[in-house]
Amino acid sequence: MNNIQLDQQGRLKHFLGIEGLERTLLIDILNTAASFLSIDAKAVKKAPILRGKTIVNLFFEPSTRTRTTFELAAKRLSADVLNFNVDTSSASKGETIIDMLHNLEAMHCDMFVVRHNACGAAHFMAQHVSPHIHIINAGDGEHEHPTQAMLDMYTIRQYKGECAPLRVAIVGDILHSRVARSDIHALRTLGASEVRVVGPKTLIPKGVEALGVKVFNNLKSGLHEVDVIIMLRLQRERMQGALLPSAHEYFQYYGLTEEVLKVAHPDAIVMHPGPINRGVEIDSTVADGERSVILPQVSNGIAVRMAVMAMILGVVIPEQKEVH
Amino acid sequence: MNNIQLDQQGRLKHFLGIEGLERTLLIDILNTAASFLSIDAKAVKKAPILRGKTIVNLFFEPSTRTRTTFELAAKRLSADVLNFNVDTSSASKGETIIDMLHNLEAMHCDMFVVRHNACGAAHFMAQHVSPHIHIINAGDGEHEHPTQAMLDMYTIRQYKGECAPLRVAIVGDILHSRVARSDIHALRTLGASEVRVVGPKTLIPKGVEALGVKVFNNLKSGLHEVDVIIMLRLQRERMQGALLPSAHEYFQYYGLTEEVLKVAHPDAIVMHPGPINRGVEIDSTVADGERSVILPQVSNGIAVRMAVMAMILGVVIPEQKEVH
Amino acid sequence: MNNIQLDQQGRLKHFLGIEGLERTLLIDILNTAASFLSIDAKAVKKAPILRGKTIVNLFFEPSTRTRTTFELAAKRLSADVLNFNVDTSSASKGETIIDMLHNLEAMHCDMFVVRHNACGAAHFMAQHVSPHIHIINAGDGEHEHPTQAMLDMYTIRQYKGECAPLRVAIVGDILHSRVARSDIHALRTLGASEVRVVGPKTLIPKGVEALGVKVFNNLKSGLHEVDVIIMLRLQRERMQGALLPSAHEYFQYYGLTEEVLKVAHPDAIVMHPGPINRGVEIDSTVADGERSVILPQVSNGIAVRMAVMAMILGVVIPEQKEVH
């Protein structure tokens with residue numbers, strides 16, 4: 001039931017989650033991002049595409065890193081950006097979220113980039129805003145983080161070509177990860193040949209097989225001959241609960257080391273959404289090693305966010321072709 | 001004694017309060033705002049009018065909402081905006097406010113938008129800055145909030161035409177409200193036929209009749225056949241003091257409901273400076289109802305602030321005519 | 001060993017400290033700043049020199065004032081500016097500083113303006129960033145604050161002409177002052193005839209004479225016939241330790257008053273990096289008096305920072321001449 005994301009012509013109106021989007025649309029995003037990556041690397045990193053548009057970063061959870069990538073993407077398209085940290089705003093004065101949205105609409109803002117710790121928050125807002133307002137989900141609870149998934153797909157395509165024949169493993173705290181959920185939908189839609197989730201039983205959601213993935217509790221088995229490894233960040237707060245033993249013990253069983261990496265395909269790439277915990281989920285020699293594409297992911301993240309913003313605001317019409 | 005607001009040619013130099021300004025000047029602001037409202041609603045909401053000017057939001061009280069409207073207004077006129085939250089600045093290092101102002105002046109800033117919890121703070125600053133610096137009062141204690149009054153006047157004119165023959169009621173905590181004070185001056189200057197203040201005795205300032213208003217302690221009497229209702233926000237902290245019983249009891253006596261609204265003129269409009277407390281001073285059915293112009297007030301607020309900034313910086317000379 | 005600051009052609013690549021930079025380079029900075037001072041004072045204070053560049057203010061210590069001057073300088077050159085307050089960023093999630101820098105690099109940022117409480121922090125970063133990234137030191141612990149020194153030199157040249165025949169006294173807490181250290185290097189390099197440091201023994205670093213300065217513990221002796229007086233800000237926290245008696249007693253011995261000022265050259269100028277503590281290190285009659293050039297220092301600070309940014313990013317090639 002994601003068609004709230006599309007307008008009547010089937011074009012992207014909001015970007016709330018990967019679930020329910022078609023393959024051609026995801027490929028449009030990747031192709032559009034490719035054209036922005038070159039802008040992004042130029043000496044003058046500025047295109048007048050969104051000049052006179054107002055984009056609001058509406059962050060109900062603190063996040064310097066993700067907010068910064070959206071702010072940069074918007075500024076490089078020449079939009080005006082407002083940063084709204086909702087802790088310190090009138091939310092504390094008892095205003096409802098819907099009233100806040102309507103007020104920002106009345107100020108003629110065009111797009112809200114929303115992060116919230118409640119699953120479905122971005123969907124909820126998309127259902128309640130006026131027709132001319134657009135929402136991008138920058139992470140809603142443990143649900144989806146669709147721009148992260150698209151930058152992951154972009155990076156995989158960049159290093160591996162088409163997704164189709166690839167074996168991909170996602171490793172770590174699958175249970176609490178919106179990145180994992182969005183990546184699984186994207187990989188399945190784009191046709192990865194096999195998607196694996198790898199982690200301790202306490203951190204694998206029950207019934208995840210229904211999403212079309214294979215579950216592994218042993219790291220070496222899970223990484224056997226894979227082409228792509230997506231390491232997840234281990235939230236340190238999990239270790240205070242009953243879900244996990246110490247960081248040290250986690251690293252022993254699920255930390256990615258050079259030695260473990262040998263079981264993967266010799267050309268396998270290593271990805272991570274950042275920020276990395278060195279020595280917890282990944283060894284420094286791997287994070288900084290030649291198979292790591294963690295920093296290219298960051299660069300691709302700006303281009304993908306530029307692409308989604310430009311497509312949603314209707315100023316870029318992606319060419320209808322795939323890049324091989 | 002507000003002539004500090006005007007230069008020797010009688011043009012606006014600072015915008016500190018409505019008190020003491022002449023009718024023609026207020027009408028100039030409204031007419032200028034009308035021309036900016038169209039910019040504000042365009043796809044490319046950007047005019048190069050204040051390009052190369054530096055405007056500083058100098059907020060000694062936290063306020064995301066009001067600060068945002070000034071920031072948007074400035075950016076849509078292409079000014080550079082600095083947000084200065086004074087809690088976290090060198091104010092805490094013991095620097096005086098005057099030294100801070102002089103430093104910002106020396107950085108060649110052009111305009112300070114000031115909010116401060118002390119009455120007269122903006123006047124004080126206007127008296128101490130260099131001749132080429134301009135001050136806009138974004139709220140000084142319980143004294144004035146002149147841009148709010150002008151957006152209220154704009155909204156009234158938009159829905160009711162000329163102010164002259166109108167009966168207007170301001171309802172709530174008149175005692176602590178800078179909005180009420182500025183609105184009363186503006187309505188009296190623009191020639192509203194009757195201005196009423198409505199609220200419990202503890203929240204009506206003694207001697208307010210001297211401003212030319214009628215006092216009502218009963219809501220239905222106060223709203224009888226009025227054309228415009230301006231509801232004030234009830235500060236929840238008042239209810240901890242001795243001034244008020246519970247929010248629930250307040251709503252029973254002074255909350256605006258559909259039923260109470262029936263005593264007003266059938267075409268009466270309902271205004272509120274926001275953010276609204278649903279179920280405290282206003283019922284949701286009224287706030288979201290067809291007589292509510294609360295969201296248009298927000299849109300008009302951007303246009304009015306653009307108008308004041310542009311007029312003060314001398315780049316817009318209002319046409320000398322009234323719109324009927 | 002500051003050659004990390006220069007590229008192979010001897011041009012400025014980073015601006016980390018004055019120590020080790022040659023006289024001609026410092027004079028290039030002053031001459032370039034002179035050309036920017038005129039932009040800065042124009043009605044339209046905007047040059048497209050750094051359009052499409054991204055400059056990150058990376059402040060690990062809170063500082064509204066210094067951050068603002070860099071933000072203004074960057075915006076007046078049309079750069080995009082990101083403010084990164086590192087307390088609230090992913091630094092708190094355990095990310096290393098190097099990982100943070102590499103992430104910002106991957107976002108195609110061009111320059112980091114860094115303030116950190118550890119001496120050598122900016123050098124450390126310059127050693128670890130990619131070749132196309134530039135670092136400006138906005139203050140590292142008690143080590144250097146080179147843009148402050150250059151604005152001081154600019155101000156001295158503005159009021160005194162060439163530095164060469166001047167006698168300069170720096171007064172106050174020399175021990176903890178990065179401003180003092182950078183000023184001493186700059187004055188020595190530019191050829192001031194005599195540099196004095198004046199303060200209580202507890203606040204003069206041992207062996208400071210090796211930098212080519214004369215030490216005075218008595219204020220009147222130290223200021224005798226000097227041409228330039230640089231007062232340092234007294235950090236109030238020093239007075240809680242054993243280093244200093246009360247602020248009152250400090251003022252008695254080391255506060256600059258009109259009376260003390262009489263021992264200096266009749267044309268002596270009084271400088272201060274700000275914010276000033278009135279009645280602690282300087283009397284208000286002096287701070288606001290006709291020999292004070294404290295506010296011109298602030299204006300010059302914007303121009304000097306514009307100059308350094310533009311020179312480092314290679315878009316301004318200073319003319320090879322000295323101004324007399």
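Nothing in this text is a laboratory measurement; each read-out follows from the coordinates by a stated rule. It should be emphasised that the depicted structure is a prediction, and the values quoted were computed from it without experimental measurement. Note: ideal-geometry Cβ built from the backbone for every residue, glycine included; neighbour counts use all protein chains shown.
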Partner shielding of C:34-46, as the mean number of partner chain Cβ atoms within 10 Å, equals 3
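Taking GluC sites (Glu not before Pro) as exposed when DSSP calls them loop (any state but H, G, I, E, B) and at most 15 other Cβ atoms lie within 10 Å, what is the longest stretch of chain A free of them, the sites themselves excluded? Show your work: numbers first, answer last.
Values: sites that count: A:Glu22, A:Glu162, A:Glu225, A:Glu290, A:Glu319, A:Glu322.
Answer from the scan: A:23-161.
Is there a quick way to get the dipole size of the protein assembly as shown? I mean about its Cα centre, with the Cβ of Lys and Arg at +1 and of Asp and Glu at -1; what is the value in debye to the nearest 20? Walk me through the numbers on the way to the answer.
Numbers: 99 positive and 105 negative charges, 163 e Å.
Charge dipole, the protein assembly as shown, about its Cα centre: 780 debye, nearest 20.
Under the Kirkwood approximation for Rh and a Cα-based Rg, what ratio Rg/Rh is obtained for chain B? Spell out each step's value before the answer.
Details: Rg = 19.4 Å, Rh = 20.1 Å.
Rg/Rh: 0.96.
Taking the Cα centre as origin and putting +1 on Lys and Arg beta-carbons and -1 on Asp and Glu beta-carbons, what dipole magnitude results for chain B, to the nearest 20 debye? Provide the component values of the computation, followed by the final result.
Working: 33 positive and 35 negative charges, 72 e Å.
So the magnitude is around 340 debye.
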Taking Cα atoms only, Rg over Rh for the range A:1-148 with Rh from the Kirkwood formula is 0.95
Among B:His185, A:Ile312, C:Val286, the residue whose Cα sits farthest towards the positive end of the charge dipole of the protein assembly as shown, when +1 is placed on the Cβ of each Lys and Arg and -1 on the Cβ of each Asp and Glu, is A:Ile312
Residue by residue through the range C:207-223, the couplings from Karplus 6.51 cos²θ - 1.76 cosθ + 1.60 with θ = phi - 60°, in Hz, x for Gly and Pro, are x, 5, 4, 4, 7, x, 10, 9, 9, 10, 9, 9, 5, 5, 4, x, 8
With the charge dipole of the range A:146-292 built from beta-carbon charges (+1 for Lys and Arg, -1 for Asp and Glu) about the Cα centre, the Cα from A:Leu219, A:Asn277, A:Gln148 projecting farthest to the positive end belongs to A:Gln148
For the table A:Lys42/C:Lys13; C:Lys13/C:Lys201; B:Lys13/C:Lys262; B:Lys13/B:Lys75; A:Lys13/A:Lys206; B:Lys75/C:Lys13, the rows whose alpha-carbon distance is greater than 29 Å are C:Lys13/C:Lys201; B:Lys13/C:Lys262; A:Lys13/A:Lys206; B:Lys75/C:Lys13
Quick numbers on the protein assembly as shown, Rg and Dmax over C-alpha atoms in Å, give 30.8, 87
Per the helix-only model, chain C has a calculated mean residue ellipticity at 222 nm (DSSP H runs of ≥4, -39500 (n - 2.57) each, divided over all residues, rounded to the nearest 500) of -11000 deg cm²/dmol
Contact order relative to length for the range B:146-293, counting C-alpha pairs under 8 Å separated by 6 or more residues, stands in percent at 23
Most fluctuating of A:Thr96, A:Thr155, A:Thr69 in the GNM of chain A (C-alpha, under 10 Å) is A:Thr96
Out of A:Gly301, A:Gly161, A:Gly141, a Gaussian network model of chain A with alpha-carbon springs under 10 Å gives the largest mean-square fluctuation to A:Gly161
The answer for A:Ile170, listing residues at least 5 apart or on another chain whose modeled amide H is closer than 5 Å to its amide H, is A:Arg196, A:Val197, A:Val198, A:Ile230
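With contacts defined as alpha carbon pairs under 8 Å and 6 or more residues apart, what's the relative contact order of chain C in percent?
Values: 622 pairs, mean separation 67.1, N = 324.
Value for chain C: 21 percent.
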Quick calc, the range B:2-102, dipole around Cα centre from Cβ unit charges on Lys, Arg (+) and Asp, Glu (-), nearest 20 debye, gives 560
Any trypsin sites (Lys or Arg not before Pro) in the range A:200-281 that lie in a DSSP loop and have at most 15 other Cβ atoms within 10 Å would be A:Lys206, A:Lys262
Ordered by number, the chymotrypsin sites (Phe, Trp or Tyr not before Pro) in the range C:133-238 that occupy a DSSP loop and have at most 11 other Cβ atoms within 10 Å are none
Residues whose built amide H sits under 5 Å from the amide H of B:Val226, excluding neighbours closer than 5 in sequence, are B:His265
Taking a crude spin-label model, label points 7 Å out from Cα along the C-beta direction, the A:Glu22 to B:Arg291 distance in nm is 5.0
For the range A:146-292, Rg(Cα) over 2.2 N^0.38 Å is 0.95
